[in-house]
Amino acid sequence: MKSVYKNIIDSAQKEEKLLAVLIDPDKMAIEMVSNFIEKVNKSIATHIFIGGSTVEEYATEKLVSEIKRHTKLPVVLFPGSVSQITENADALLFLSLISGRNPEYLIGKQVKAVSKLGEIHLEVIPTGYILIENGKETSVQRVSETLPMSRANIQAIIDTAKAGELLGMKFIYLEAGSGAIHPITTDIIKKVRQEVNIPLIVGGGIRSKEQLDEAYKSGADIVVIGTAFEMNASFFNELV
Ligand code: 1GP
């Protein structure tokens, strides 16, 4: 089977746009999985991302194995902590919060993950994670104790993304934060796209088909949507 990373690169080269549904293990009871995943399977979603800022130990493992029983879509971990790593998934976004200056989220947690990663077989995809202000404090900001980057200083965002690419990261994730008031602006996506050659993941606060299309048109390769699906599962139908 081709790797998750390779598939994403192939899609990006063909300009096929990808949609990841984000599921927070804290908000999805096991009993809800089959119903929810049935809707995901019928939708235009291409990936399932799993992660949250504060998740109970072992909740992710159980959730991922239940999800895998109901779908063939790739399940990718987007973890807020080391305890969310499980080999039941297909791949792991190995995140470094490069917008922040908290060493724990730049490299500390990654070092702590190594012994676990050595024990299991899981595709690891190094990802530069960039948090950008969106109008309110988000849980990523609270948990990581870092400040988001200013929306106004696009050059600093470009330089951060470029630094991530030069450090060898395979993806750049532009994050407005879960439930963001303002999604990442099209201007930011376009300008980062012009300067960076690796796939761009964009998420946070996307609630409409228009916002999704704008993000794709601006250069996002993968858009991540969580809250809009959590609040209203019929949003899946609007995206057909
Ligand atoms: C959060 O980018 C994701 O990490 C998705 O955000 O929940 O606002 O869709 P939403």
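Here are a few things to note about the model shown:
- Model label sites at residue 195 and residue 112, defined 7 Å from Cα along the beta-carbon direction, differ in position by 3.2 nm.
- Site pair residue 11 and residue 26 shows an inter-label distance of 2.7 nm when each label is modelled 7 Å from Cα along Cα→Cβ.
- Taking all pairs of distinct alpha-carbon atoms in region 4-238, Kirkwood radius in angstrom: 17.6
- Heavy-atom accessible area for residue 70, with the other protein chains in place and a 1.4 Å probe, reaches approximately 60 Å².
- Solvent-accessible area per residue in region 4-238 equals 46 Å², computed with a 1.4 angstrom probe and all protein chains kept.
- With 23 Å as the limit on Cα-Cα distance, the pairs of 112/170; 14/190; 68/112; 191/217; 109/170; 68/116 that go past it are 68/112.
- Per-residue SASA entry for residue 127, accessible area with 1.4 Å probe, Å² rounded to 10: 0
- Taking every Cα-Cα distance in region 152-239 and sorting them into 10 Å bins starting at zero, the pair-distance distribution P(r) comes out as 18, 50, 25, 7, 0 percent.
- Residue 193 - accessible surface, heavy atoms, 1.4 Å probe, Å² rounded to 10: 60
- Our helix-only sum for the chain, with -39,500 (n - 2.57) per DSSP H run of n ≥ 4 divided by its residues, gives a mean residue ellipticity at 222 nm of -10500 deg cm²/dmol.
- Length released on extending from residue 70 to residue 56, taking residue separation times 0.36 nm less the Cα-Cα span: 2.8 nm
The values are calculated or read from the model by the stated rules, or taken from the named source; none is laboratory data. None of the values given here were measured: they were computed from a predicted structure. Every residue, glycine as well, gets a Cβ built from its backbone with ideal geometry; the counts of neighbours run over all protein chains shown. Just so you know, the surface numbers come from the protein's heavy atoms only, side chains and all, with ligands and any DNA or RNA stripped out. Shrake-Rupley method; radii C 1.70, N 1.55, O 1.52, S 1.80 Å.
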